[in-house]
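Working notes, structure below.
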């Protein structure tokens, strides 16, 4: 009786170990991403993990927004063509896996030049409406007023578009709009600022900026 009990326990344990091994060996098949955001002209890789078999990939919707190119048995490169939404389906046997792709438009950024006291700086504008509005006004020669030992500002008669927000840290070289009408160029850092601004760009290299603008009011040329 005791021998039978031992044999039964061994058989049960053997079955449990076999089941456990099978469960652990079962591959975790999954896509590298269920959602992807890609800018027009850029590419990202989509891969199906957990298998070495050749996977069938296809664009299930939004073919005019993306294209795909196989780069291995289990992965493809997705290239964004135009703004919109698409889906890529990966098929393994009877199972399929889908990745939703959002194609974003290229940021409409421009670079302008500012010149002050004989020294020139490049300003990279962002894609905001306010930045575009400033760009469309150029060229400009502005008399800018000193304020607080860290900024110069100019008051425009017309307002810029957009809503301001608080930037706890403002860096030297930031170009912003305050209260819809004030163009502000910061030439020194500010920490714990409580004012709201619309950020429109920043100087790419601020070396010599503080010395160039000086301590008082100054005239600055803005050109494309």
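Observations, loosely collected:
- Footprinting exposure proxy for 70, 202, 215 (fewest neighbouring C-beta atoms within 10 Å first): 215, 70, 202
- Candidate values (1) 1.74; (2) 1.36; (3) 1.09 were compared with Cα Rg over 2.2 N^0.38 Å computed on the shown model; the agreeing label is (1).
- Its Kirkwood hydrodynamic radius, worked out from the mean inverse distance over all distinct Cα pairs, puts region 94-224 at 15.7 Å.
- Extended-chain gain in nm, criterion 0.36 nm per residue less alpha-carbon gap, residue 53 and residue 102: 14.9 nm
- Computed Kirkwood radius, in angstrom, where 1/r is averaged over Cα pairs of region 30-104: 12.0 Å
- Rounded, prolate or oblate (a/c below 1.5 giving rounded, otherwise prolate when a/b exceeds b/c) for region 56-165 by Cα gyration tensor: prolate
- Degrees separating the helix 2-25 axis from the principal Cα axis of the chain, which is the longest one: 30 degrees
- Between residue 223 and residue 110, the modelled labels are 1.6 nm apart [label points 7 Å from Cα along Cα→Cβ].
- Ellipticity estimate at 222 nm from DSSP helix runs (n ≥ 4, -39,500 (n - 2.57)) divided over the chain, nearest 500: -5500 deg cm²/dmol
- In percent, rounded to a whole number, the relative contact order of region 17-143 is 21, using alpha-carbon pairs under 8 Å and six or more apart.
- Most simply put, the chain has about 95% antiparallel DSSP beta bridges, counting only bridges with both residues inside it.
- For the peptides 154-162, 119-127, the ranking by mean Cβ contacts within 10 Å, running from highest to lowest, is 119-127, 154-162.
Read the figures in this text as sums done on the coordinates, not as results from a lab. Since we're looking at a predicted model, the values are computed, not measured. Don't worry about glycine lacking a Cβ; one is built from the backbone with ideal geometry, like all the others, and counts go over all protein chains shown.
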